[in-house]
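> Dropping a structure here in structure tokens format, bear with me for questions.
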Amino acid sequence: MSSVESQVTGARLLARDVGVVTLLLNDARHRAFQRVFAVDKTDVNLMTLIVLLVTAERMQATSRRVRASRGPTLAEDFTGFGIVREALCRVAGPNARDTPLLASLLAIAVIGGTVRSGLHGLRGSGHSADVAFHKRYGYLVDPGHWRQRRAQRREAAVSHR
């Protein structure tokens with residue numbers, strides 16, 4: 001094994017991957033700004049700053065407008081609650097009007113189902129990311145790998161006795 005091969009670690013591979021992604025994104029930004037705004041390569045950073053400032057100003061103006069808008073009146077609230085209650089009673093069936101706290105029970109059921117499916121998807125995506133990371137770097141950073149080798153050496157030593 002040469003000295004170059006012994007210096008390759010998971011951290012170095014990860015740093016190189018991040019560096020390559022950064023270079024690719026920067027090149028894509030330069031090409032997009034040159035094409036959209038028809039500017040030279042030397043002016044792309046200035047255009048990026050201008051676009052970020054304009055975007056921040058528009059976001060601030062939009063948030064001010066949303067905060068300044070008035071909420072629904074009390075009459076609109078009661079009308080909305082009545083419509084939702086009638087819709088829930090029609091969905092639940094004819095005996096639903098006698099059920100206390102029907103809206104709360106149905107809201108808990110709907111929210112619970114939504115949260116459950118969302119958490120399932122989140123767990124699945126997290127598992128996929130974990131598998132991809134360990135496939136690429138796991139053999140370099142996983143202490144279980146070292147424990148497995150140690151156990152194999154012990155087995156080999158016992159079998160040779």
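> Give the shape of region 1-118 as rounded, prolate or oblate, defined through the alpha-carbon gyration tensor: a ≥ b ≥ c are the square roots of its eigenvalues, a/c under 1.5 means rounded, and otherwise the shape is prolate if a/b is larger than b/c and oblate if not.
Note, shape of region 1-118 comes out oblate.
> Per residue, how large is the accessible surface of region 1-84? Use a 1.4 angstrom probe and give square angstrom.
85
> Could you compute the FRET efficiency for V84 and R116, with r as their C-beta to C-beta distance and R0 at 30 Å, rounded to 0.05?
0.85
> With each pseudo-label sitting 7 Å past Cα toward Cβ, what's the V36-R65 distance in nm, one decimal?
Placing both labels 7 Å along Cα→Cβ, they lie 2.0 nm apart.
> Also, quick follow-up: Report the label-to-label distance for T9 and D27 in nanometres (one decimal), using points 7 Å from each Cα along the Cα→Cβ vector.
So the label points at T9 and D27 sit 2.9 nm apart.
> Carbon-plus-sulfur fraction of the accessible area of region 14-85, 1.4 Å probe, in percent?
Using a 1.4 Å probe with all protein chains present, region 14-85 comes out at 68 percent carbon and sulfur.
> Mind running the shape call on region 56-102? Use the C-alpha gyration tensor, a ≥ b ≥ c as the square roots of the eigenvalues: rounded below 1.5 for a/c, prolate if a/b tops b/c, oblate otherwise.
Because a/c hits 1.5 or more and a/b exceeds b/c, region 56-102 counts as prolate.
The values are calculated or read from the model by the stated rules, or taken from the named source; none is laboratory data. Fair warning: this is a prediction, and the values are worked out from it, not measured in the lab. FYI the Cβ positions are ideal-geometry reconstructions off the backbone, even for glycines, and counts take in every protein chain you see. Accessible surface areas use protein heavy atoms only, side chains included; no ligands, DNA or RNA. Shrake-Rupley method; radii C 1.70, N 1.55, O 1.52, S 1.80 Å.
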